[in-house]
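Note sheet for the following structure.
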Amino acid sequence: MSALGAMQMPPDFKYLDVYQKGKPTHDRYDSFSVKHPSMDPGRRAKIFAPFDALRGFHFAIMTKEVRYVDKPELSREEERELNRRLTLLRKLTHNSRAARQNLVSVTVFYFRVCDDAQNEAYGTRGQVQTLSGICRWVDWDVTQTLRVGEKDVPLGSILRIDGADGVFSAPSDKDAPCDD
């Protein structure tokens, strides 16, 4: 009996003759080497690249680590200030010419509800996200969205809007809404 590693090889081993021949050697120009040239090391490395047996499993685990919170409630003062800023933005971007002329740079803080159906927070909890850019328009009538850059944010999910260059300066007495 021959030994293959630490394991003994049985005498009726089917490939005993192949094992005894050893590793094949080839000349550089024999028929086998011409038909099957050796692979360059750069391409050979692809063979040993990591293999993800459970495709998407790592991503699914990562999504479970995301922390979701309840939607923050705005006070009456915060709602009033948000409405004032939206009204001002609407006046500054009432048409495309005004939007191009004014180029109002804003940062919008909004609440985005979890849209992962596999997560327990689906549809109920979410995350506060930030979006910065040039405000293109405020549409209260049709889509009820605020467009910043190329992204639309639903008006009902906006928590706060900050502006650059003092565009949202404190209101004067004549601009203050009267509560009757």
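Some notes on this structure:
- Remark: Leu146, Leu155 ranked as Leu155, Leu146, counting other beta-carbon atoms within 10 Å and listing the fewest first.
- For segment 1-86, applying the loop criterion from DSSP together with a ceiling of 16 other beta carbons within 10 Å to the chymotrypsin sites (Phe, Trp or Tyr not before Pro) yields Phe13, Tyr15, Tyr29, Phe51, Tyr68.
- Share of pairwise Cα separations in segment 117-171, more than 14 Å, in percent: 64
- Options Gly156, Thr87, Phe109, ranked by Cα towards positive dipole end of segment 76-163, top entry (Cβ charges): Thr87
- Helix 76-92 vs. the chain, principal-axis angle (Cα, 0 to 90°, nearest 10): 90
- Compared with the direct C-alpha span, the chain from Asn83 to Ala53 gains 5.7 nm at full extension, assuming 0.36 nm per residue.
- For segment 35-82, the Kirkwood hydrodynamic radius from C-alpha pairs, put into Stokes-Einstein at 37 °C and a viscosity of 0.692 mPa s, yields a diffusion coefficient of 198 µm² per second.
- Exposure proxy for Glu81, Glu65, Glu120: other Cβ atoms within 10 Å of each Cβ, ordered fewest to most, give Glu65, Glu120, Glu81.
- Rounded to two decimals, the Cα-based Rg/Rh of segment 76-163, with Kirkwood Rh, is 1.02.
- Total lysine pairs whose alpha carbons fall under 29 Å of each other in the chain (8 or more apart, or interchain): 11
- Recomputing Rg and Dmax of the Cα atoms in Å from the coordinates shown identifies the correct label among (i) 18.4, 58; (ii) 33.3, 104; (iii) 20.6, 65 as (ii).
- Fully extended contour minus Cα-Cα distance, from Val66 to His26, at 0.36 nm per residue: 8.8 nm
- Taking Ser169, Ser157 and counting other C-beta atoms within 10 Å, the order from fewest to most: Ser169, Ser157
- Selection from Ala45, Val142, Leu74 lying farthest towards where the dipole of the chain points positive, charges on Cβ: Ala45
- Two-decimal ratio, segment 45-115, of alpha-carbon radius of gyration to 2.2 N^0.38 Å: 2.00
No lab work stands behind these numbers, since they all come straight from the coordinates. Since the structure is predicted, the reported quantities are computational estimates derived from the model, not experimental observations. For neighbour counting, all protein chains shown are included, and Cβ atoms are generated from backbone atoms with ideal geometry for every residue, glycine included.
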